[in-house]
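Shown next, in structure tokens, is the structure this report addresses.
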Amino acid sequence: MIKRVNHIAIAVRSLDEALGVFESLLGIKAAHTETIPDQGVKAALIPIGDGEIELLEPIDPEGGVAKFIERRGEGIHHICLEVDNIDEELKSLAARGVELIDKRGRKGLAGRIGFLHPRAAKGVLIELAQKV
Ligand code: ZN
């Protein structure tokens, strides 16, 4: 079951520069910053109520976020929806013929995560996350 919007992710060229922009825009400091080599990014999370804005800077020029910025420039990269059970949710979507990037949950910044293919949702990359 989908519970709520967990975060909205924004691809940026420089995390330091973007943190300055969003922190002064929102008047909120990032809760934490983390490097996720698996996903080729450095990320910062800015809490907004019970959701977050996630800023993503590519550290791998061949990674998905780097390619996204190359193609489309900086901007909204994905929307993350929180679910009760990531593996069940992905299995049920696959059974309904939804095109997935991940067939099973894997470790991510927001917990156990999995991505749907943007072709499944009008060009929007959707991440599902189960808190751990
Ligand atoms: Zn995310």
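Show which lysines lie in cross-link reach of Lys103 when reach means a straight Cα distance below 23 angstrom and same-chain residues fewer than eight apart are skipped.
Lys3, Lys67, Lys91, Lys122, Lys131
How large is the helix-only mean residue ellipticity at 222 nm for the chain, computed as the sum of -39500 (n - 2.57) over DSSP H runs with n ≥ 4, divided by its residue count, in deg cm²/dmol to the nearest 500?
Estimated from H runs of four or more residues: -7000 deg cm²/dmol.
Per the Kirkwood formula on distinct C-alpha pairs, the Rh of the range 46-111 is how many angstrom?
So the Kirkwood estimate lands at 14.2 Å.
Would you please state which residues of the range 69-91 a label at Ile36 would reach in this model, taking the label point 7 Å out along Cα→Cβ and a backbone N cut-off of under 15 Å?
Flagged as within label range: 77-83, 86.
Run the accessible area of the chain with a 1.4 Å probe and give the carbon-and-sulfur part as a rounded percent.
55 percent
Could you sort the peptides 122-130, 96-104 by per-residue average Cβ neighbour count (10 Å cutoff), highest mean leading? Working shown, then result.
Values: 122-130: 17.4, 96-104: 12.6.
In decreasing order of mean packing, 122-130, 96-104 become 122-130, 96-104.
Packing-wise, with mean Cβ within 10 Å as the measure, how do 39-47, 61-69, 106-114 rank, highest first?
The packing order, highest mean first, is 39-47, 106-114, 61-69.
Mean-square fluctuation check for the chain, GNM, Cα pairs under 10 Å: which of Ala120, Ala11, Ala95 is largest?
Ala95
For the chain, what does the accessible surface come to per residue with a 1.4 Å probe? Please give it in Å².
With all protein chains present, the chain gives 56 Å² per residue.
Report Rg (one decimal) and Dmax (nearest whole number) for the chain, counting Cα atoms only, units Å.
14.5, 44
The values are calculated or read from the model by the stated rules, or taken from the named source; none is laboratory data. Just so you know, these numbers come straight off a predicted model, no measurement behind them. Cβ coordinates were reconstructed from backbone atoms using ideal geometry, including for glycine residues, and neighbour counts include every protein chain displayed. Ligands, DNA and RNA are excluded from the accessible area calculation, which covers all protein heavy atoms including side chains. Shrake-Rupley method; radii C 1.70, N 1.55, O 1.52, S 1.80 Å.
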